[in-house]
Amino acid sequence: METSGVGGKEMGAKSRPPVTDGALHPSRLLLKGRIYGRRTGHLPRSGCAGRGPGSLIEFNQENDLLWEERIRERTTITELTQIPHELFSESGIPSSESTELPVDWSIKTRLLFTSSQPFTWADHLKAQEEAQGLVQHCRATGVTLPQSIQDPKLSTELRCAFQQSLIYWLHPALSWLPLFPRIGADRKMVGKSSPWSNDETLQHILMSDWSVSFTSLYNLLKTKLCPYFYVCTYQFTVLFRAAGLAGNDMITALVSPTTRGLREAMKNEGIEYFLPLIKENGHKKKTSGISLGHGEEQSFSDEDEEESFNWLEEMGVQDKIKKPDIHSIKLRKEKHEVQMDHRPESVVLVKGNNTFTLLNFLINCKSLVATSGPQAGLPPTLLSPVAFRGATMQMLKARSVNVKTQAFSGYKDQFSLEITGPVMPHSLHSVAMLLRSSQNGSFSAGLYPHEPTAVFNICLPMSKKLDKEVIHKELANCGLHPKTLDQLSQIPLLGKSSLRNVEMSDYIYRWSLIPK
C-alpha cells in the first residue's frame with residue numbers, strides 16, 4: 001500500500017481527483033501540481049515523501065496535540081526478558097555502535113538495565129556510603145573506576161559513586177505532588193491537595209520564590225557553574241544550556257512545544273528566536289517540506305506558490321484558476337502556523353543575550369501557570385544537576401530485581417536494575433559509566449523518554465568549531481564528571497529522536513532510536 005507524504009492516506013491511481021471545468025480552489029490545485037505535476041513525475045513511494053533524510057523515522061507521529069507520559073509503574077517478568085537483542089530488530093530502525101554513547105538531551109522517566117550479573121551492589125547502602133555519596137556530589141568529586149570490578153558488592157567506591165549519580169535538584173518541592181512530568185500530568189494530580197489554587201496571596205508567594213530560584217539558576221548558568229537546566233511547565237519545556245555545550249559558543253535555550261500565541265508574545269517582547277526545524281530562505285522562513293501530520297496539507301512559501309502559478313500558465317489553464325487575494329493568503333499562512341503548534345517542528349531556539357530577555361518574559365508571563373485544573377496556581381518545575389537557591393535535593397529511585405527466565409538448557413538468572421524519576425542527561429551517562437565497570441562491559445538497557453523533550457536532540461547551527469580543551473577549562477567547576485562534560489559538549493546527532501535501547505557487549509555500545 002502506498003501512502004502520500006501529505007496526509008498519510010491511501011494514494012492509488014483511482015484516488016486522483018477528477019479535473020473539472022469550473023474554478024478550482026488554489027490550494028488544492030497547487031497540491032495536485034506538487035504531487036502529480038511534471039516537477040514530480042511520479043507518485044511518492046512512501047509516507048515520508050517530501051521529508052528530509054533526517055525525518056525518515058517520523059511517519060508514526062501521533063495526531064494528539066499534547067503528549068501524555070506512558071510510564072509503567074511496575075516491572076513485569078515479561079518485560080525483563082524482552083530488553084536484549086529482540087527489540088533492536090523489531091524496531092525497524094538501524095542501530096549504531098561505538099565505545100561511547102551519543103549525547104541525549106531528552107529527560108528520561110525510567111531506565112531499565114538488565115544483565116547476566118547481579119545488581120545487588122546497588123541495594124542497601126550503608127549509612128557511611130550514603131553520606132559519602134552526598135558529599136561527593138556537593139563537592140563535585142569526580143570518581144574514576146577501573147575497567148572491571150571483580151566483586152562490585154564489596155566496592156565502597158562503586159556504591160558511593162552510584163549514590164552520587166542519583167542526585168538531582170528540584171524546585172518547587174512538594175512531596176505529595178508529582179512535579180515531573182508536567183505535560184499531560186493532570187490525571188496524576190487529580191484529587192491531590194493544592195491549597196494555593198484558590199488563594200491569590202499564596203500563589204503570589206509561590207511565584208515570587210520561583211522567580212528567585214529561576215534567576216539563581218540562570219546566573220549559575222551564565223557564570224558556567226551550572227551546565228544546563230530545565231523549566232517544565234504544563235504546556236511546554238525549556239532547556240537552557242551553558243556556552244560550550246552541544247557545540248554552541250553561547251548560551252542557548254530551546255522551547256518545545258510552542259504555539260503561535262506563545263511565539264507572537266515572544267516576538268512582541270523583542271525576543272529574537274529561530275525555528276531550527278523550519279527551512280529558511282534568506283531572512284524569510286519557509287515551511288515547505290515539513291510534514292504537519294495526517295490529514296493536513298504541506299505549507300508553501302510565496303516563491304513556491306508563484307512558481308506553481310507560472311507552471312499553470314504554461315499549461316494554458318490560468319484563466320480557470322481563481323488566484324487568492326492578500327487576505328486569503330494571510331489566512332492560509334496563519335492556518336499553517338497553527339497546524340505546526342504543539343508539534344516537534346514548533347521548537348524555538350533562543351541564543352545569547354536573548355536568553356536573558358526570555359528569562360524575564362517567562363517570569364512575567366501570565367500563561368506560564370495554569371489557571372484551572374489540578375495544576376492551577378502551581379509554578380513550573382525547575383530541574384538542575386547542581387544546587388541553586390531555593391532548590392531541594394532529590395534522589396532518583398533505584399531497585400534491583402532478580403528473576404528466572406527460560407533458556408535452552410532450562411532456566412537462567414536474569415538480573416535487572418530499575419531507575420525512575422526525571423533522569424537528566426548527566427545521570428544517564430554517569431550510571432552507564434558505573435555499569436560499564438560493575439557488569440564487566442556487558443549489559444542492556446531500555447530507556448523511556450519524556451517524548452516532548454526528544455526534540456532537544458536536534459543539531460543547531462554553529463558559528464565556529466569549539467576547542468575541547470577550552471571548554472573543559474571554562475566549565476571545570478560546573479559540577480560534572482570530566483567524561484560526562486566531554487559527552488555533553490558533543491554535537492547532538494539524534495535529531496528529533498532519542499535513545500530507546502542500548503546494549504553494551506565487550507565494552508562496545510550498540511543503540512537504537514525511538515520511532516517518531
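Here are a few things to note about the model shown:
- Kirkwood Rh, angstrom, segment 375-516 [1 / mean 1/r, Cα pairs]: 18.2
- Segment 88-191: mean projected area of Cα convex hull, nm²: 10.6
- Segment 222-274 and segment 131-145 have Cα centres lying 30 Å from one another.
- Total formal charge among the other residues, if their Cβ is under 14 angstrom from that of residue 229, Lys/Arg +1 and Asp/Glu -1: +4
- Distance violations [Cα-Cα > 30 Å] among 192/267; 351/496; 397/464: 192/267; 397/464
- Kirkwood hydrodynamic radius over Cα pairs of segment 168-250, then Stokes diffusion coefficient at 25 °C and 0.890 mPa s, in µm²/s: 167
- 15 Å beta-carbon shell around residue 118, net charge (K/R +1, D/E -1): +1
FYI, it's all coordinate maths here, none of it is from the lab. Remember, it's a predicted structure, so these values are computed and weren't measured experimentally. Neighbour counts are summed over all protein chains in view; Cβ atoms, including those assigned to glycine, are modelled from backbone coordinates with ideal geometry.
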